[in-house]
Amino acid sequence: MHVKSKLYSVFEALEIVLRKNLNTAIYRLPDEKDVRLIIQEDPGLLNITGLRNLPPTGGFLIAPFLEENGNKTTIIKPDRVYRNDLSEKELEGLKSLKKQELNGELHRSDVKDTEKSSFLRQVEKTIEEIKTGHYDKVVLSRVKIVAGNYIPHLVKIYRMLCDSYPGAFVYLFNLRDQCWVGASPEPLICSEKNKLLTVSLAGTRPFSEFNLDVANWNQKEKEEQDYVTQYIERILKDYGIVNFSKKGPYTKRAGRILHLRTDFVFEAADAGKNLFPLISALHPTSAVCGIPMENSLKFIRRIEEHDREYYSGFLGPVGINNSVQLFVNLRCMKVLENKLVLFVGGGITSKSVPEEEWEETEIKADTLLSVLRQI
């Protein structure tokens, strides 16, 4: 009689590869059950310049907000890929892999908490600048530090994020020198069959029956989202993509909060060989930077007191099974030995109220904090 071999969860495999400090990524796509684990066997970090230089095998792509201050676009090679579970033989194979040492390359951990008074001043200054006519919208971010050693609980945190946010792209990646976890509500560009999807996502309110109706949102929130929508339309048309379907704005739930969202769907063939330049043009989106983009970017560099690193960059699997699943890196945190560094932000317009902008970032931070409180 044939005895069925025992299967082990990818979460058990994740425990092993994290202890060995391997380059790895685990992810679950929005509204799906499948969890996929990508493992790179060798310790080298594959940094790429330009998305056209992706290796033929694809992998898990991690791009920073800006490629500066040592922040590089990196891809985790798919030497081993598992979906949901793996055999005992496969698990034993992981146990036999050599542990990767840091060699003194632990990533910097000098990021400081953003004080409320400092953030309110930044918002006030931004509103003043917007009223001069130089900008329509600027996205400001802040840092929130959570003290404590959460490294032993990473797999549990990841599983709880999957359970709490079924509509998000939930990921954890570990590079030799750093580890990030997140639950992003925002696709950058995703493929399904012969179609491509990108979205404009902006505006934030707590989830309630009242807020589910777009008509109940205020003018500031609607304008903020419309700026992003117009920006994406311009980018698509610049690349000759005019036959797209457009749905929205509608309210999209992300756990305990709601966003305004508009979907753009078009034929993958319409992007053709311009897919990677299109992705580069879409980033940074006006949902994480501002309008006009270049002016807003200069302003952000000047006023923000921290390096965003991978926050508000983009990440996800590319080139695996001829698929592209890239998401903006929002609702995320960087894991350090004695603390977690949460990054959150919000769009500032001429109609913004500083205290309300602070509260919006607090609501966004609660995406992760609500899970951490249960540890």
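The values are calculated or read from the model by the stated rules, or taken from the named source; none is laboratory data. Note that the structure is a prediction, hence the values are computed from the model and not measured. Positions of Cβ are backbone-derived with ideal geometry, glycine not excepted, and every protein chain shown enters the neighbour counts.
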Lone qualifier among 62, 48 - being crowded, with 17+ Cβ neighbours inside 10 Å, among the hydrophobic types (A, V, I, L, M, F, W, C) and within 21 Å of the chain's Cα centre (by Cα): 62
Exclusive hit being closer than 25 Å to residue 248 by Cβ, in contact (Cβ under 8 Å) with a residue 40 or more places away in the chain, touching a Cys at 6+ places or on another chain (Cβ under 9 Å) and not acidic (Asp, Glu), set 296, 286, 350: 296
Residue identified as in a strand (DSSP E or B), surrounded by 17 or more Cβ atoms within 10 Å (Cβ to Cβ) and either at pLDDT below 95 or polar (S, T, N, Q) (or both) among 27, 8, 82: 8
Some residue of region 346-369 being more than 30 Å from residue 83 (Cβ to Cβ) and at pLDDT below 90: no
Condition met for residue 286 (among the small types (Gly, Ala, Ser) and part of a helix (DSSP H, G or I)): no
Options 334, 351: the member that is of a type outside the set (A, V, I, L, M, F, W, C), part of a strand (DSSP E or B) and touching an Asp or Glu at 6+ places or on another chain (Cβ under 8 Å): 334
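Residues of region 49-78 being among the β-branched types (Val, Ile, Thr) and within 18 Å of residue 274 (Cα to Cα), which ones?
Correct list: 49 only.
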Which listed residue, of 34, 85, 79, is farther than 25 Å from residue 153 by Cα and of a type in the set (Asp, Glu): 79
The one condition in (1) over 26 Å from residue 252 (Cβ atoms); (2) of a type outside the set (Asp, Glu); (3) part of a loop (DSSP other than H, G, I, E, B); (4) under 26 Å from the mean Cα position of the chain (by Cα) that residue 99 fails to fulfil: (4)
Meets criteria (surrounded by fewer than 15 Cβ atoms within 10 Å (Cβ to Cβ) and among the aliphatic types (A, V, I, L, M)) for residue 269: yes
Of residues in region 197-231 being over 17 Å from residue 258 (Cβ atoms) and under 18 Å from the mean Cα position of the chain (by Cα), the one surrounded by the fewest Cβ atoms within 10 Å (Cβ to Cβ): 197
Filter result (touching a residue at least 60 places away in the same chain (Cβ under 8 Å) and in contact with a Leu (Cβ under 9 Å, 6 or more places away or on another chain)) within region 56-72: 59, 60, 61, 62, 63, 66
Any chance residue 145 is assigned to a strand (DSSP E or B) and of a type in the set (A, V, I, L, M): yes
Subset of region 44-79 [assigned to a loop (DSSP other than H, G, I, E, B), among the hydrophobic types (A, V, I, L, M, F, W, C) and over 12 Å from residue 23 (Cα atoms)]: 48, 54, 65, 66
Condition check for residue 117: at pLDDT 90 or above, among the hydroxyl-bearing types (Ser, Thr, Tyr) and either crowded, with 18+ Cβ neighbours inside 10 Å or more than 30 Å from residue 304 (Cα to Cα) (or both): no
Region 353-375 - residue that is touching a residue at least 24 places away in the same chain (Cβ under 8 Å) and within 18 Å of residue 138 (Cα to Cα) and, of those, surrounded by the fewest Cβ atoms within 10 Å (Cβ to Cβ): 355
Subset of region 172-227 (residues that are among the polar types (S, T, N, Q) and part of a loop (DSSP other than H, G, I, E, B)): 194, 208, 218
So residue 291, is it crowded, with 19+ Cβ neighbours inside 10 Å, in contact with a helix residue (DSSP H, G or I) (Cβ under 6 Å, 6 or more places away or on another chain) and in contact (Cβ under 8 Å) with a residue 60 or more places away in the chain: yes
Matching residues in region 131-148 - criterion: being out of contact with any Lys or Arg (no Cβ under 9 Å at 6 or more places or on another chain), touching a residue at least 40 places away in the same chain (Cβ under 8 Å) and within 20 Å of residue 350 (Cβ to Cβ): 131, 134, 135, 136, 137, 138, 139, 140
Within region 294-339, considering residues that are over 24 Å from residue 150 (Cα atoms), buried (at least 18 other Cβ atoms within 10 Å of the Cβ) and among the polar types (S, T, N, Q), the one modelled with the lowest pLDDT: 296
Matching residues, region 304-331, being assigned to a strand (DSSP E or B) and at positive phi: 316, 319
